[in-house]
Amino acid sequence: MTLLKLSNLSDLAAALQAQGYRVVAPIQDDAVVRLRSWRPGDTVRIAALPVNSPKDFLFPRCEAIGRYVLDRDGFTSEDLPARAEKTVLLGIRPCDVAALAGLDSVFAWGYPDKFYGERRAATTIVSLVCPSADDDCFCTSVGGAPDSTVGADAMLRLCNGGTAMTFASMTEKGKALDAVFGQFSSPGEAAVDPVAEVPVLFNSEVVTDWCSKSFESTVWRTLGLACLGCGACAFMCPACHCFDIQDESTDAQVDRLRNWDSCGFSQFTLHASGHNPRPDQPARWRQRMMHKFRYFKERFGRVACTGCGRCGRLCPTGMAISDVCREIARAEEVR
């Protein structure tokens, strides 16, 4: 078996970059680990879940999707090309890989989105078997696993006490990296490290069933009272994909921009008339749960949550979807 030393990760990133790839990896960024493009001198930290997700690099927070050039007599439309850098997502957790399948479904639904599609086609995913988990992780409750290979082009696994890794390619995209990884690998014995233990906290089928019959439940009132409507959960979630379209103009042109949005924001469903069909946080929290566990599953066959736990870690009031689902499932099971 050939092994890659953990200390060679930065050299590996440099070699991939030399092959024309943009390398996106978990990088130590002051006090946090953040997914961003690797630069010489960066420290790759694959042992920690980044605060953000790969969504940032496939579905940008703001992008121009159309343009109108103005002149005295009117305007002409300009078709913006979909440009994509050849990218390697290095050391991505299985929960984040699983979220990309949901994004793939959304942006190919009905009318394929060329901007997302080009970036997705240019992206190679090298995932990492999770070596550890915390109390906020719950992938096993929503159909995932800390060692899932689904959606990955290649996979890394820590071994020999976290000092080295094995590399296994599983698709043609992954095999295209074999030679680069081989430069930094050498024969050796591998005692693979244990996979993180992630206990099942709830049955997602029970949560979906409860949502289908609980639109008027008083639970939404309780949840809404605790929610600040800040949007941190949606922006850091690897599966959330709400967006808004806005036009920004100058004297010469109008750019049509797609921007991240959130169903938890008060203006998300605000009509020009002033009417808002979701007038308060209870209604907006209901929409968030219904979308993730009922509506998305009805349309695409999977829940729109992969158990990464970022919502619970980052919420200023400590609201975690896993806690809500656990309470719902517990209440249903004792009926």
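The values are calculated or read from the model by the stated rules, or taken from the named source; none is laboratory data. All values reported here derive from a predicted model rather than from experimental measurement. Glycine also receives a Cβ, built like all others from the backbone with ideal geometry; neighbour counts cover every protein chain displayed.
For this structure, a couple of remarks:
- Helices (runs of 4 or more DSSP H) fully within the stretch 260-335 counting 1 or more residues that are surrounded by fewer than 19 Cβ atoms within 10 Å (Cβ to Cβ) and modelled with pLDDT of 95 or more: 281-290, 296-300
- Residues (of a type in the set (Gly, Ala, Ser) and not in a strand (DSSP E or B)) located in the stretch 1-25: 7, 10, 13, 14, 15, 18, 20
- Residue selected from the stretch 220-238 under the condition outside any helix (DSSP H, G or I) and of a type in the set (A, V, I, L, M, F, W, C), by the criterion surrounded by the fewest Cβ atoms within 10 Å (Cβ to Cβ): 228
- Among the residues of the stretch 173-217, those that are more than 23 Å from residue 7 (Cβ to Cβ), among the hydrophobic types (A, V, I, L, M, F, W, C), under 25 Å from the mean Cα position of the chain (by Cα) and outside any helix (DSSP H, G or I) comprise 176, 198, 200, 201, 202.
- Count - residues of the stretch 102-131 that are in contact with a helix residue (DSSP H, G or I) (Cβ under 9 Å, 6 or more places away or on another chain) and either of a type outside the set (Asp, Glu) or under 19 Å from residue 175 (Cβ atoms) (or both): 20
- Residue ID - surrounded by the most Cβ atoms within 10 Å (Cβ to Cβ), chosen from residues in the stretch 76-110 that are of a type in the set (Val, Ile, Thr) and more than 22 Å from residue 176 (Cα to Cα): 106
- Residue check, residue 40 under 26 Å from residue 241 (Cα atoms) and part of a loop (DSSP other than H, G, I, E, B): no
- Residue 28 fulfils the conditions (1) out of contact with any strand residue (DSSP E or B) (no Cβ under 7 Å at 6 or more places or on another chain); (2) assigned to a strand (DSSP E or B); (3) farther than 28 Å from residue 239 by Cα except for a single criterion, (3).
- Qualifying residue in the stretch 57-77 (condition: closer than 30 Å to residue 300 by Cβ, at pLDDT below 95 and in contact with a Gly (Cβ under 8 Å, 6 or more places away or on another chain)): no
- Pair list, Cβ < 7 Å and 6+ apart or interchain, from the stretch 274-293 residues that are over 17 Å from residue 242 (Cα atoms) to residues that are surrounded by fewer than 19 Cβ atoms within 10 Å (Cβ to Cβ) and among the charged types (D, E, K, R): 282/221
- Residue pairs meeting the criteria (Cβ under 9 Å; at least 6 apart or on separate chains; first closer than 12 Å to residue 137 by Cβ, in the stretch 308-319; second among the hydroxyl-bearing types (Ser, Thr, Tyr) and assigned to a loop (DSSP other than H, G, I, E, B)): 308/53; 310/53
- Matching option when the condition is in contact with a Pro (Cβ under 8 Å, 6 or more places away or on another chain), on the phi < 0 side of the Ramachandran plot and not aromatic (Phe, Trp, Tyr), among 315, 242, 325, 230: 230
- Pairs, first buried (at least 16 other Cβ atoms within 10 Å of the Cβ) and hydroxyl-bearing (Ser, Thr, Tyr) in the stretch 15-36, second at pLDDT 95 or above and not in a loop (DSSP other than H, G, I, E, B), C-beta under 7 Å, six or more apart: 21/87; 21/88
- In the stretch 19-26 there is no residue matching the filter, namely being of a type in the set (Lys, Arg) and under 18 Å from residue 167 (Cα atoms).
- Conditions (1) in a strand (DSSP E or B); (2) within 24 Å of the chain's Cα centre (by Cα); (3) not aromatic (Phe, Trp, Tyr): number failed by residue 247: (2)
- Scan of the stretch 161-172 for residues that are outside any loop (DSSP other than H, G, I, E, B) and either of a type outside the set (Gly, Ala, Ser) or free of Cβ contacts under 8 Å to residues at least 12 places away in the same chain (or both), ordered by number: 165, 166, 167, 172
- Residue count for the stretch 182-225, restricted to those that are touching a strand residue (DSSP E or B) at 6+ places or on another chain (Cβ under 8 Å) and not aliphatic (A, V, I, L, M): 7.
- Residues in the stretch 1-14 that are among the small types (Gly, Ala, Ser) and surrounded by 21 or more Cβ atoms within 10 Å (Cβ to Cβ): 13 only.
- Answer from 73, 42, 113 - the residue that is surrounded by 14 or more Cβ atoms within 10 Å (Cβ to Cβ), free of Cβ contacts under 8 Å to residues at least 12 places away in the same chain and not polar (S, T, N, Q): 113
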